[in-house]
1. Would you kindly find the accessible area of Met444, with a 1.4 Å probe and non-protein molecules such as ligands, DNA and RNA excluded, rounding to the nearest 10 Å²?
2. Considering only the other residues whose Cβ falls under 13 Å of the Cβ of Leu269, what net charge follows from Lys and Arg at +1 and Asp and Glu at -1?
3. Put Ser296, Ser438 in order of accessible area, largest first, 1.4 Å probe: what do you get?
4. Probe radius 1.4 Å, ligands and nucleic acids left out: which of Trp433, Trp177, Trp359 has the largest accessible area, and how do the rest follow?
5. Could you give the accessible area per residue of the chain, probe 1.4 Å, as a whole number in Å²?
6. So how exposed is Ser301, as accessible area in Å² (1.4 Å probe, rounded to 10)?
7. Can you compute the helix-only [θ] at 222 nm over the chain? Use -39500 (n - 2.57) per DSSP H run of at least 4 residues, normalise by all residues, nearest 500 deg cm²/dmol.
8. Give, as a single signed number, the net charge of other residues whose beta carbon lies under 12 Å from the beta carbon of Ala407, with Lys and Arg counted +1 and Asp and Glu -1.
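The values are calculated or read from the model by the stated rules, or taken from the named source; none is laboratory data. Worth saying up front: this structure is predicted, and the values here are computed from it rather than measured. Here the Cβ positions follow ideal geometry from the backbone for every residue, glycine too, while neighbour counts run over all protein chains shown. Side chains included, ligands, DNA and RNA excluded: accessible areas come from the protein's heavy atoms. Shrake-Rupley method; radii C 1.70, N 1.55, O 1.52, S 1.80 Å.
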Amino acid sequence: MQRHDMAVSQQVSEAEAEERSDVVVVGAGIAGLAAARHLATAGLAVTCVDPEPFPRLRVGESLDWSTPRLLDEVGVSWQSLVDDGAAVFKRGVQVEPVGEKVTKSGPSEWFGYAPLRFGVVTFHADRMEMDRRLYESARQAGVRFVWERASGVEVDADENRVTAVTTSGGHRLAADWFLDSSGRGARVLGRRLKVPTREYGPAKVCLWTYFKTDAEREGTTFYVDSAGERYLSWLWEIPIRPHEVSLGWVLDAATVAAAKRQGRAPRDLLADHLARFPRPAALLESQPDFELHCTSFTPYSSRRACGPNWLLAGEAAAVPDPLTSNGVTAALRHARLAARSILAARRRGRCQLGPLQRWSYDESVRSMAGAFNHAIEMAVYRNPVRWGLGTVAALRLYTTFGYLANAFHTRFNPRRTAGVLTFGLAMRGVPLWMGAWSLLGSLMHRLRPRPAAA
């Protein structure tokens, strides 16, 4: 196969009203860029369409311990990010609950030794810089970018195949394969193909900002009022550069809506909440005119993640709750698996996924997204485990599951049917496991009641 012979990252000109590639990727997020890079490196002509050129602001700076290896696969050196001051090592996770003992956790170093060889090093990243480097890696691999909005999707209804994507600039992008990584808000292919989703927990809002600091810090810090909230909200402090931190608050959308009806702006809500905790309050006092960023989301997983010649990836396929720190890892995994699926079909001379391939991709995406979202919802957001066994126990319950599930998946990378089936069955057992802990927490709470919920 010949590589794409046009200049990389060249925008489609007005004269080129119709273009054909091997693959069209909708969305230049992490999943889209990583998949496009995998495919272009393998020799395919890849066009990526997105309305927003780089650089651009994204939240999600605290990365789990599986991310570094996956980033290296797509030509982004996590070590160079740290060396260049665009990232900071994540030395564990510290939890500061109101009225409870401060605790710190993280994987033991022995997990990194033989025979396990799990990842025990990760980092916080300046997402704008990390994403820019991933974009450059894809561009240099030969990916062609069209900076326009995907305005329509042409579908062969009889075969459920996508035939082309049209853009706001009037271009028609045809291809054999299509990947939707347009994000949770757009879901360009998912919406057009009416792919249903399963949601986990209520809609949430994330309010965040950035502060300059004098002291260098390493590690994620969470501030929570566990005993005072029936459904948990949480405040993060994440150093993204040696002298810059991200501070953000995740809470349910109903609380924000009620505050707006009372005339309280989201900026005031965040400022009032920062003032409750000593260190965030000090940062607020030093920089009272902070710039507010806001986004809303509902964690979900798609009930289907692919079709004959199309696949969903990243947040177009599933949205992990941000408290899992699993969003970037999930996006990179989707990208790798989607690229492998397309390349495997092409090697067999097919222009569509086989039934077993479709099942494998669906199972891999849904089982992980469902397990992580269900686990964080049952162990941390809802109150039985927190109130019955304590905040520290609740967070350790989740982090133990989250770390081991990610580590085993990264280490053994299930691809064949038996591996995907085994891992999927294990993930489908998570609701039962978490349900047992929730039942125990409820029982302990009745025996030893905690303060009434606010």
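1. 50 Å²
2. Values: positive: Lys260, Arg261, Arg264, Arg267, Arg276; negative: Asp252, Asp268, Asp272.
Taking every other residue near Leu269 into account, the sum is +2.
3. Values: Ser296 75, Ser438 15 Å².
The most accessible residue leads, giving Ser296, Ser438.
4. Accessible-area ranking of Trp433, Trp177, Trp359, largest first: Trp433, Trp359, Trp177.
5. I get 42 Å² per residue for this part.
6. Probe radius 1.4 Å; accessible area of Ser301 about 10 Å².
7. -12000 deg cm²/dmol
8. Details: positive: Arg69, Arg117, Arg411; negative: Asp64.
Residues near Ala407 contribute +2 overall.
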